[in-house]
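Written out below as structure tokens is the structure these notes cover.
The values are calculated or read from the model by the stated rules, or taken from the named source; none is laboratory data. Not measured: the values here are computed from a predicted model. Cβ sites come from the backbone with ideal geometry, for glycine too, and all protein chains shown count toward neighbours.
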Amino acid sequence: MSTEARPFLKWAGGKGQLLSQLDEHLPKDLQGQTFTYVEPFVGGGAMLFHMLRRFPNITHAVINDINPHLVTAYRVIKEQPNELIQRLRVLEQDYVAQSDEASKKDFFLDIRNIFNESQLDDVDRTKYLIFLNRTCFNGLYRVNAKGRFNVPFGRYLRPTICNPNTILADSELLNRARVTILCGDFERTAEEIGDGPIFFYFDPPYRPLNATSSFNSYAKEDFNDAEQIRLRDFCARLGGHANVRWMLSNADCSAKNPADTFFEDIYADFHLHRVYASRAINANPEKRGKLTELLIKNYE
């Protein structure tokens with residue numbers, strides 16, 4: 001079943017298109033030893049599920065995100081997959097039963113209000129999160145300054161809202177790998193450092209390439225240049241542990257503006273590489289396409 005495990009949400013910045021390139025930059029000896037895998041910015045989990053499938057020798061994994069609804073979803077899928085599937089199926093049937101697009105839009109807006117306003121148990125919170133992700137515009141997750149989900153209706157004819165095979169496969173993999181699920185600041189993951197080999201993969205909110213490309217509103221807190229530098233400092237401290245290796249993705253700002261060498265400057269002591277990424281989540285189809293991203297490592 002684990003071969004079917006994949007992200008249960010569409011997520012901006014997801015690494016599904018980049019996995020083969022990321023594989024080329026992983027430490028070469030990961031297959032030959034047991035190790036702990038840590039993702040301080042798990043997001044949609046494309047890299048997480050890929051790593052858990054590819055490396056059954058991962059004996060413990062730690063994931064973290066600052067988005068509490070996303071973290072709740074991982075916990076529900078790990079611990080209560082069957083209850084989630086049951087409730088999602090009912091919600092999907094109710095949505096499909098709406099007679100026309102206007103009715104579906106009203107249904108969507110009602111669910112969005114419930115998600116934003118109501119006190120919900122964890123399974124219902126996750127049910128509505130998945131529903132909104134499948135029916136909102138372009139599959140975005142975006143919140144306003146008050147932390148309220150504000151993405152408009154997506155006008156999809158028959159979206160797949162409940163995918164039981166994915167939910168069950170993800171649950172099986174999260175349990176098999178003993179995944180610890182945290183919610184909070186990325187630095188919390190340092191508490192999980194033990195004596196054995198550890199590999200960190202960082203996929204933080206990207207630094208905007210320009211003033212108009214600032215889609216990083218996954219949570220109401222901004223991830224600005226000061227936060228990027230704090231992350232660099234955290235990575236540098238990790239390097240003080242002989243058993244820790246890490247890899248980090250971010251925007252290739254100097255490809256857009258050669259004068260913007262922010263990352264080249266702050267990560268000058270580490271190894272920088274470039275990979276090609278496709279960007280599908282953009283309101284303007286002409287701006288969807290290939291661009292380079294940075295991949296930064298503390299190992300050769």
Among the candidates G239, G196, G154, residue that is touching a Phe, Trp or Tyr at 6+ places or on another chain (Cβ under 7 Å) and either farther than 25 Å from L295 by Cα or surrounded by 13 or more Cβ atoms within 10 Å (Cβ to Cβ) (or both): G154
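Scan region 148-180 for residues that are out of contact with any strand residue (DSSP E or B) (no Cβ under 6 Å at 6 or more places or on another chain) and either of a type outside the set (A, V, I, L, M, F, W, C) or in a strand (DSSP E or B) (or both) and report the count.
Of the residues in that region, 18 qualify.
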Top-ranked residue in region 115-147 [being in a loop (DSSP other than H, G, I, E, B) and not charged (D, E, K, R); ranked as modelled with the highest pLDDT]: L120
Unique residue being of a type outside the set (G, A, S) and within 19 Å of the chain's Cα centre (by Cα) when the list is D170, D100: D170
Members of region 181-194 found to be part of a loop (DSSP other than H, G, I, E, B) and on the phi < 0 side of the Ramachandran plot, listed by number: D185, I193, G194
Test: residue in region 65-88 that is in contact (Cβ under 8 Å) with a residue 24 or more places away in the chain, of a type outside the set (F, W, Y), in the same structural domain as K28 (by TED's automatic domain parsing) and assigned to a strand (DSSP E or B): yes
Selection status of Q98, outside any helix (DSSP H, G or I), without any contact (Cβ under 8 Å) to a residue 12 or more places away in the chain and surrounded by 14 or more Cβ atoms within 10 Å (Cβ to Cβ): yes
